[in-house]
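Worksheet: one structure, shown below.
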Amino acid sequence: MKILFSPSESKNKINTHTYITDKSFIFTNLYNKRLEVINKYKNFIQQCKEDELAVFFGVKDKNEIYDFTQDILKKDTAKAIQRYNGVAFEYLNYNNLDKKSKKYIDENVLIFSNLFGPILAKDLIPYYKLKQGEKIKDFNMEKFYKDNFSDEIDKFLENELIIDLRAKFYEKFYTIKRPFLTLTFLKNSKTLSHFAKAYRGKILRILASKNIHSKEALLENLPNDLKIKEIKIQGLKEEIVLDIVS
């Protein structure tokens, strides 16, 4: 079982480890490719004026801007799964899982970071800011990571049941080439971003806490406020459409 997941824009400032090294990430053979992106980001920030940085980071607070402009390669780090703290991560509540469930998350969840690319939940990243879809001049990070990391991700997902819990934007980083499951959450027949994020986190928590490794086990352990509306198969994708009934 492997789960593909999105990052969040909001992050904790917690640090548990020292700065990034080639051991910080999965796909160690591609560490230099990651460094290419990180250095482009770092150099771009160094060249920007304060008003440009405020726009780039989407923040006005001078202390926050100062934080984000510190050398990212010298910053302390924490597990990605503990760094991100958006809605999905709140509902996952990783810190309150038992040791076995945490290991399940650490080893099986691949998060698609806007800056660092595809990383495992346990990979170590610093506190940073890069808005979804933001460009560094004309450099397209999604395409770069797709071009350079897809072969390694293919191998990582080989012979695994894949559950794609990514938001649509993150499909730009990697196209799945094997059969996979995806979940759609509807509230009054509509897809609402906040609910979708919350239920992705809830589902991830169930997968980990119940040690789930099959579609059948997942469907048997759905929360009471989710009801299966339909299951649609289109090409490699099996989409489970769920109604939120609470």
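Screening I20 with (1) crowded, with 20+ Cβ neighbours inside 10 Å; (2) at pLDDT below 95 gives one miss only, at (2). Only a single item in (1) part of a loop (DSSP other than H, G, I, E, B); (2) touching a His at 6+ places or on another chain (Cβ under 9 Å) is not met by A78, and it is number (1). Just so you know, in the range 43-86 the residues that are in contact (Cβ under 8 Å) with a residue 60 or more places away in the chain and hydroxyl-bearing (S, T, Y) include one that is farthest from P126 (Cα to Cα), and it is Y84. Residue check: is A121 of a type outside the set (D, E), touching a helix residue (DSSP H, G or I) at 6+ places or on another chain (Cβ under 6 Å) and surrounded by 21 or more Cβ atoms within 10 Å (Cβ to Cβ)? It is true that A121 is of a type outside the set (D, E), touching a helix residue (DSSP H, G or I) at 6+ places or on another chain (Cβ under 6 Å) and surrounded by 21 or more Cβ atoms within 10 Å (Cβ to Cβ). Does the range 30-40 contain any residue that is over 21 Å from F139 (Cβ atoms), in contact with a Phe, Trp or Tyr (Cβ under 7 Å, 6 or more places away or on another chain) and either touching a residue at least 60 places away in the same chain (Cβ under 8 Å) or surrounded by fewer than 17 Cβ atoms within 10 Å (Cβ to Cβ) (or both)? Looking for residues that are over 21 Å from F139 (Cβ atoms), in contact with a Phe, Trp or Tyr (Cβ under 7 Å, 6 or more places away or on another chain) and either touching a residue at least 60 places away in the same chain (Cβ under 8 Å) or surrounded by fewer than 17 Cβ atoms within 10 Å (Cβ to Cβ) (or both), one finds none in the range 30-40, hence no.
Taken over the range 109-163, the criterion of being assigned to a loop (DSSP other than H, G, I, E, B), without any contact (Cβ under 8 Å) to a residue 40 or more places away in the chain and touching a Lys or Arg at 6+ places or on another chain (Cβ under 6 Å) is satisfied by no residue.
Table: residues versus (1) on the phi > 0 side of the Ramachandran plot; (2) of a type in the set (S, T, Y).
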| residue | (1), (2) |
| --- | --- |
| Y84 | no, yes |
| V87 | no, no |
| N95 | no, no |
| F112 | no, no |
| G117 | yes, no |
| E134 | no, no |
| F149 | no, no |
| E158 | no, no |
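For the range 216-223, the count of residues that are loosely packed, with under 12 Cβ neighbours inside 10 Å, under 26 Å from N95 (Cα atoms) and out of contact with any Phe, Trp or Tyr (no Cβ under 9 Å at 6 or more places or on another chain) is at least one.
Among the residues of the range 164-197, the ones that are over 18 Å from P118 (Cα atoms), surrounded by fewer than 18 Cβ atoms within 10 Å (Cβ to Cβ) and touching a residue at least 60 places away in the same chain (Cβ under 8 Å) come to 1 in all.
Suppose we filter V59, V87 for residues that are modelled with pLDDT of 90 or more and either closer than 14 Å to L204 by Cα or in contact with a Leu (Cβ under 9 Å, 6 or more places away or on another chain) (or both); which single one remains? None of the other options fit; the residue is V87. Out of everything in the range 41-78 that is hydroxyl-bearing (S, T, Y) and more than 24 Å from E107 (Cβ to Cβ), what residue ends up being surrounded by the fewest Cβ atoms within 10 Å (Cβ to Cβ)? Ranking the qualifying residues of the range 41-78, first place goes to Y66.
The values are calculated or read from the model by the stated rules, or taken from the named source; none is laboratory data. This one's a predicted model, so the numbers in the text were calculated from it and none came from an experiment. Here the Cβ is made from the backbone with ideal geometry for all residues, glycine too, and neighbour counts use every protein chain on show.
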